[in-house]
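Data block below; observations after.
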Amino acid sequence: MNSTIFAAKEQVVASGRYVLATYCLQAPRDVDILKIASSFAVGQTVGTWAPVPNITPRMRELYQGKVVSIREIPPRDIATGADGEESYFLLEIAFPHANLGRSFAALLTTLLGNDASTSIRAKLVDVEFPREYVQLFPGPKFGIAGVRERLGVQERPLLLNMIKPCLGFPPEVGADIFHEVALGQVDIIKDDELLTNPEYLPLPQRVKAYIKARDRAYEETGKRVAYFVNITDRVPQVLENARLAAELGADGLMINFVFTGLDVLMAIAEDKEVNLPILAHYAGSGPWIESTASGMDSQLYLGKLARLAGADIVLYNTPYGGYPYLRHKYMLMAQTLQQEFYHIKPSLPAVGGGVIPGMVPTLVQELGADLLIAAGGSIQGHPQGATAGAAAMRQAIAAAAAGVDLQEYAEQAPELAAALAQWGWK
């Protein structure tokens, strides 16, 4: 056994030279797991599936991956069971971050490309980053505190609406919808993730029309609603969209980083011409996170990596609106976005997907006050109209923040009462 391929975890962590990746692998119990792990560590760095010349001892020392640990779940020390029975293995592999630079593309290719996509099927569970590597990334410009300051809301959960219908209308229709919702005094209105930059509703015309609607509602209510523009597009248009949205007076940006990529998200977060908070949308993340045999854990992809790339807000699903996201994972996701992570500011968790007013107390109880609640159909589809739908959601948030039962609160809040009668509780 080549000892240069193996290293103690304490040694790896203390050196600050490696990112430490944990994989979950299902394989027959009698498989040579040492060979698989060591081949993977080499194949994802200096080597390939077959021995090749010109790999020097110095290359191995500085740039080769190391196997840190191999654990079978449940643990066994005695050979038991029939041949061919399957076990789960947790593999910890250390990769020198000297190979990666400041590139998420390089990071993910190293963690999931090459051998990971061919010779073994494994799901990336987590990555531990040393301070030396994380210092290369600025993270969110604003974070939770900065977003709250810009919105002028310090304590309660925040409320977001995405304009429905999703697309298919001209700017003036969208502006009317925006105005009607804004009168209900939500905190943020954003474009739907499906609405990017179509010819019938181009970004410049949309932003100008919606900002006029925003300002008109502000004059009527005294509440300034923030408009977050969907800038998702091809490169370099997505960067031009971000700058144009900032120039035209938008309050924030939304990007589907799943398809534009983490490097594009980071480029926008670092752009000095774009001093706006960024909402990172999860649409299309299913193939990355839903398989148990490949891809990566949602807390890593939508949590740690999105935050590292500069997302001030990360939108993901609740387990209550029809998507079968595990309850404990949606709760742990909020923790991942907010917990201490070197110098990186915390990102604001935003949850959506079939959110109704009756669901709000549960969301607040489980995720806390540092939360952005994203409601679409329950606002636009309220039986008394979108303004009442926004008011109903605000009333539900006020009740949850005050610890008052929704039914009791609804006795003095007709919009909330109508919503509860229409949709009930979660």
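The values are calculated or read from the model by the stated rules, or taken from the named source; none is laboratory data. All of these numbers come straight from a predicted model, not from anything done at the bench. A quick note on method: Cβ atoms are made from the backbone with ideal geometry, for glycine too, and the neighbour counts reach across all protein chains shown. In case anyone asks, the SASA skips ligands and DNA or RNA and just uses the protein heavy atoms, side chains included. Shrake-Rupley method; radii C 1.70, N 1.55, O 1.52, S 1.80 Å.
Under 5 Å between amide hydrogens, built in the peptide plane, is the criterion, and for Ser87 it picks out Ala27, Arg29 among residues at least 5 positions away or on other chains. The simple spin-label model puts a point 7 Å past each Cα toward its Cβ; for Val173 and Glu240 those points are separated by 2.7 nm.
Taken along the Cα-to-beta-carbon direction at a fixed 7 Å, the label points for Gln335 and Glu408 span 3.0 nm. With R₀ fixed at 60 Å, the C-beta to C-beta distance from Gln135 to Glu199 puts the FRET efficiency at about 0.85. Rg/Rh for the chain stands at 1.04; both radii use Cα atoms, and Rh follows the Kirkwood definition.
Assuming charge only on the beta carbon of Lys and Arg (+1) and of Asp and Glu (-1), the dipole of the chain about its Cα centre is about 680 debye to the nearest 20. On the chain, 53 percent of the accessible area sits on carbon and sulfur atoms, based on a 1.4 Å probe. Can you figure out the FRET efficiency of Ala421 with Gln26, using R₀ = 56 Å and their beta-carbon distance, to the nearest 0.05? According to the calculation, E is roughly 0.70. Stretching Ser103 away from Arg150 to a fully extended chain increases their span by 13.9 nm, per 0.36 nm per residue minus the current alpha-carbon distance. Here the spin labels are modelled as points 7 Å beyond Cα on the Cα-Cβ line, and at Leu326 and Val52 they lie 3.7 nm apart.
Less than 5 angstrom separates the built amide H of Phe6 from those of Val67, all sequence-distant by 5 or more or on a different chain.
The range 287-316 and the range 87-110 have their alpha-carbon centroids 15 Å apart. Using the empirical formula 2.2 N^0.38 Å as the baseline, the Cα radius of gyration of the range 206-285 reaches a ratio of 1.14.
Full extension of the chain segment joining Glu219 with Asp126 gains 28.7 nm, where the gain is 0.36 nm per residue of separation less the Cα-Cα distance. For the pair the range 149-214 and the range 350-378, the centres of their Cα atoms are 19 angstrom apart.
Listed by chain and number, the lysines placed with their C-alpha closer than 22 angstrom to that of Lys66 are Lys9, Lys35, Lys123; residues fewer than eight positions away on the same chain are left out. Rounded to the nearest Hz, the phi-derived 3J(HN,Hα) couplings of the range 351-357 under the Karplus curve 6.51 cos²θ - 1.76 cosθ + 1.60 (θ = phi - 60°) are 10, x, x, x, 6, 10, x, where x marks glycine and proline. Backbone phi angles across the range 230-246, fed through the Karplus curve with coefficients 6.51, -1.76 and 1.60 (θ = phi - 60°), yield HN-Hα couplings of 7, 9, 3, 5, 6, 8, x, 4, 4, 5, 5, 4, 4, 5, 5, 4, 5 Hz in residue order; Gly and Pro are listed as x. The slack in the chain from Ser15 to Leu248, taken as 0.36 nm per residue of separation less the alpha-carbon distance, amounts to 79.1 nm. Heavy-atom accessible surface of the range 3-93, averaged per residue, reaches 56 Å², computed with a 1.4 Å probe.
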